[in-house]
Every structure is written in C-alpha cells, then in structure tokens.
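Novice: Sharing a structure below in structure tokens format, with a few things to ask.
The values are calculated or read from the model by the stated rules, or taken from the named source; none is laboratory data. Just so you know, these numbers come straight off a predicted model, no measurement behind them. When we count neighbours, we look across all protein chains shown, and the Cβ atoms used for this are built from the backbone with ideal geometry, even at glycine.
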Ligand code: ATP
C-alpha cells in the first residue's frame, strides 16, 4: 500500500540510480521485485540470524561474461565485528555489498550468514536482517516522519523520535517548518547530503538489523558534520556486524579487518597498524590522503539537494 505513494516517474530515475550505485537497495527491492533476476528457491526457508556472522567463500563474479569483477574472494566477518573495504574506484568494493544483499547471484563460490547459504533462504528474510546506509539516500516525497518510519512502519512516533535523536537529526527536524510533518523530497524541503545520511542512519536504527552495510560518501563533509555523522554511525554499528565501503581511511582505523582491493582481488588485508607496517598499497593510500588536504565543503546550510 505504501508503494502507491511513489510517483511513477520516480521509479525510472530511482531504478537507474540503483543500477549504477549502491543506493537504497532496501527500498528498491520493495518497489521493484519484478525486475529482479534473482529468484527464491521453492519454499525457501527464512534466514535465521542468531549472531550475524558473514562469510564469503571463494566468490567470483562478473556482470558480463568477458570481464571478471571479483576473483576468488574469501573473508569472514565474525558477529559484531567490522570489516572495511578499500581500494581505488572500480576495484569491486560495492559489488561485494551488492552480492551480500543478493542483488545478483555469485558465479561461483558461496556467501553465508550464520552458516546459511544466502542462495537458499528467502530474499525477504535476508533483507530483513541487513540494514543499509547508502552513499546517497533517496527520500520519498512525503513527511520526514514517514521517511524514517519507512524502516518499520509499525514503529511508534516515540520510536521514530528516539531513532532520529540517536542519528543526531531530531533537533534539526524540530527546526523544520512543520517539524516531523514537514514534507521532504523533490517536491518538499530539500535536505543536505549530511542530513539525508542521518535520515538513513535513523531508518537503520529503527530497523535494528543484525548486519549493517555502510557505503561511505565520497564527498568530504565539513569537520563538524563529519564528527556528528561519525558518532551516529558508531551508534548504528555498535555490536552489529558491519561492512563498510570506505573512502576516507581515517574512519576505519579501528576496523577489525581491512581488505585492500585491486581489480577484483584482495591485495592486502589486516588491521590499520599492520597495513601501515607493511608499507604497501594501504600505506601509500594513507600517506596520500594525509598529505592532500582537500577543502572541506560545508554540508549543513543551505540545504541544496534532495
Ligand atoms: P567505487 O569506489 O567507484 O564505488 P567499487 O570498487 O565499488 O568502485 P564496483 O562498483 O564494485 O567498484 O564496480 C566494479 C567494476 O564493475 C567496475 O569496473 C564497474 O564498471 C563494473 N560494474 C559495476 N556495475 C556494473 C553493471 N551493472 N554492469 C556492468 N559492469 C558493472
């Protein structure tokens, strides 16, 4: 029923965005089930998540037959731990995330959540267990309250406000003309990138999944916004299994494991300090990011995009 709120022209735009980027895949699946090639096996059981451990075992994948994108990727993320994926553009980081969400099926190898192969469980239950904080959150043309509550439509107003508070956006919402009833999205109040990201964090907090996938924004936010968002993100990831596609290495220095990807392969892996000691690809990325001081752009005012 909720899907009827969405104007039709929005579908096309959204679908194109989603195919290219890792944008709000959760919503996209709800809206466009029929366009998805991935199908459940008959009577697929529900994924049963106790701890939320993730394992990729010898996973290979390509979008088109002539070009391998992931080559024999293996890693495990123990329950509650954080894995970071880094590497230059096109290395295959987002593809890993898409496969875990079962946006595509792997070509060979297997993906497990708590020892259940994700191919064998219902997609609905898989997606229920995973929360996504995308790089770019698309808002519904609806109230800000609806946009947060979407994660769990039976959540009470109190719970919505609690999630917004933890995501550090409650005060900002109260400053909007109609508070939580303010219309946002393309035809309403436009929110800044940082605000939209916090809406995504609030949604995920409300959904309370065992596994969180985080696609870090590439654009630099100003330091204050960055700090606020980082602490909200820490709250959403706390005690949850987290996989983060990271662009700024400063945000992942505490990750339990960092995978450095290059052309579909893991070229280095370890913790931040270990990788610095290796003096390899990661160490040079670190040096490069810390010597290049890019001008931070202000994110908070005035809001400029949907
Ligand atoms: P970025 O940091 O830029 O997001 P990434 O490491 O996340 O890069 P992926 O998005 O996983 O990279 O893409 C890996 C490769 O797969 C890229 O070369 C990309 O062009 C290609 N690719 C991604 N999506 C598709 C698709 N739908 N069809 C064909 N090729 C694709």
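Novice: Looking at region 74-96, which of its residues are in contact with a helix residue (DSSP H, G or I) (Cβ under 7 Å, 6 or more places away or on another chain) and away from the ligand (no atom under 11 Å from the Cβ)? Write out each step before concluding.
Specialist: So the first thing to find is which residues in region 74-96 are in contact with a helix residue (DSSP H, G or I) (Cβ under 7 Å, 6 or more places away or on another chain), and the list is 82, 84-87.
Hits for region 74-96 are 82, 84.
Novice: Let me ask something additional. What helices (runs of 4 or more DSSP H) completely inside region 52-170 contain at least 2 residues that are more than 27 Å from residue 282 (Cα to Cα) and modelled with pLDDT of 95 or more?
Specialist: Where helices (runs of 4 or more DSSP H) fall fully within region 52-170 and carry at least 2 residues being more than 27 Å from residue 282 (Cα to Cα) and modelled with pLDDT of 95 or more, they are 144-149, 157-166.
Novice: Return the pairs, sorted by first residue and then second, in which the second residue is away from the ligand (no atom under 16 Å from the Cβ) and part of a strand (DSSP E or B), the first residue lies in region 93-122 and is free of Cβ contacts under 8 Å to residues at least 24 places away in the same chain and within 18 Å of residue 210 (Cβ to Cβ), the beta carbons are less than 6 Å apart, and the residues are 6+ apart or on different chains.
Specialist: Taking only residues 6 or more apart or on different chains, the pairs are 117/110.
Novice: Condition check: over 17 Å from the mean Cα position of the chain (by Cα), surrounded by 20 or more Cβ atoms within 10 Å (Cβ to Cβ) and modelled with pLDDT of 95 or more. Does residue 221 satisfy that?
Specialist: no
Novice: Which condition breaks for residue 150 when tested against (1) surrounded by 15 or more Cβ atoms within 10 Å (Cβ to Cβ); (2) out of contact with any helix residue (DSSP H, G or I) (no Cβ under 8 Å at 6 or more places or on another chain); (3) within 15 Å of residue 132 (Cα to Cα)?
Specialist: Checking residue 150 against (1) surrounded by 15 or more Cβ atoms within 10 Å (Cβ to Cβ); (2) out of contact with any helix residue (DSSP H, G or I) (no Cβ under 8 Å at 6 or more places or on another chain); (3) within 15 Å of residue 132 (Cα to Cα), the one that fails is (2).
Novice: Checking residue 254 against (1) within 16 Å of the chain's Cα centre (by Cα); (2) touching a residue at least 60 places away in the same chain (Cβ under 8 Å); (3) more than 16 Å from the ligand (Cβ to nearest atom), which single condition isn't satisfied?
Specialist: (1)
Novice: If you check 156, 175, 192, 166, which single one turns out to be surrounded by 16 or more Cβ atoms within 10 Å (Cβ to Cβ) and either over 27 Å from residue 53 (Cα atoms) or within 16 Å of the ligand (Cβ to nearest atom) (or both)?
Specialist: One residue alone meets the criteria, 192.
Novice: Please indicate, with yes or no, whether at least one residue in region 19-38 is within 16 Å of the ligand (Cβ to nearest atom), touching a strand residue (DSSP E or B) at 6+ places or on another chain (Cβ under 9 Å) and modelled with pLDDT of 95 or more.
Specialist: We begin by selecting, within region 19-38, every residue within 16 Å of the ligand (Cβ to nearest atom); these are 19-25, 28-29, 32, 35-38.
From what is left, the residues that are touching a strand residue (DSSP E or B) at 6+ places or on another chain (Cβ under 9 Å) are 21-25.
Then drop every residue that is not modelled with pLDDT of 95 or more, which leaves none.
Among the residues of region 19-38, not one is within 16 Å of the ligand (Cβ to nearest atom), touching a strand residue (DSSP E or B) at 6+ places or on another chain (Cβ under 9 Å) and modelled with pLDDT of 95 or more, which makes the answer no.
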